[in-house]
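Heads up: the structure comes next, in structure tokens.
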Amino acid sequence: MANDFKEHIASVNNFPNEGIVFRDITPILQDGKLFREATHELAEYAKNKGADVIVGPEARGFIVGCPVATELGIGFVPARKPHKLPRDVERASYDLEYGSTSLEMHKDALKPGQKVVICDDLLATAGTLTACKQLIENLGAELVGAAFYIELPDLHGREKLPDLDVFSLVQYHGA
């Protein structure tokens, strides 16, 4: 990896809640060269996994995943928040710190046997990742990997899906 992306991620204390350090990727997105490099790193990972399609969860997964799919010349499938897709959907729910939510995909978004890589900005507790995995498998596709800009290993997201190959550009341990 040519670039230390961590140098370009802004850390914002007490956002969105007291005691949280928000890792802001917008400085990477604002710099065309860095954005291209980050996209290329994730695209190389997805290519090596043999991805046929990229799935990105709303909303930052769209920003991260679409350019990866474009670089590879493959399709992109959004995993949307509830009631955002106009046709028949498959839904998977997951827990949040306070309550639960769900993600949806069109029922015809993936074909059986397609190899899928999920691309998103952050892996923390793996709630979103687990819901995406459930959607992908319910539609008959195969999840072959997941790629992130940032991983927070202290929140044990990777451990919740021990059989899934995970790639991250940057890891933050502790606060």
Check: C-alpha center segment 107-127 vs C-alpha center segment 1-74, spacing in Å is 15
Of (1) 0.99; (2) 1.19; (3) 1.05, which one was derived for Cα Rg over 2.2 N^0.38 Å from the structure shown?
-> (1)
Estimated dipole of the chain in Debye, rounded to 20 [Cβ of Lys and Arg +1, of Asp and Glu -1, Cα centre] | 460
Among 163-174, 103-114, what's the highest-first ranking by average C-beta atoms within 10 angstrom per residue?
-> 103-114, 163-174
Please find the FRET efficiency linking Lys84 to Leu155, where r is the Cβ-Cβ separation and R0 is fixed at 30 Å, and quote it to the nearest 0.05.
-> 0.70
With -39,500 (n - 2.57) per DSSP H segment of 4 or more residues and division by the full residue count of the chain, the 222 nm estimate, nearest 500 deg cm²/dmol, is -8500 deg cm²/dmol
Take a quick pass over the chain and tell me how many lysine pairs come in under 23 angstrom between Cα atoms, counting only ones 8 or more apart or on separate chains.
-> 23
Kindly write out, for segment 74-91 in residue order, the coupling ³J(HN,Hα) from the Karplus curve 6.51 cos²θ - 1.76 cosθ + 1.60 (θ = phi - 60°), rounded to whole Hz, with x marking Gly and Pro.
-> 10, x, 10, 10, x, 9, 9, 5, x, 6, 9, 9, x, 10, 4, 10, 9, 10
Gain in span if fully extended, Thr70 to Ala10, counting 0.36 nm per residue against the direct Cα distance = 19.0 nm
Dipole of segment 5-171, positive direction: furthest Cα of Thr125, Ile63, Phe5, with charges on the beta-carbon = Ile63
Would you work out which of Val21, Phe35, Pro162 lies farthest towards the positive end of the dipole of the chain, given +1 charges on the beta-carbon of Lys and Arg and -1 on that of Asp and Glu, about the Cα centre?
-> Phe35
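No lab work stands behind these numbers, since they all come straight from the coordinates. In this text the structure is predicted, and so the values were computed from the model without any measurement. Here Cβ is always computed from backbone atoms with ideal geometry, including for glycine, and neighbour counts include all displayed protein chains.
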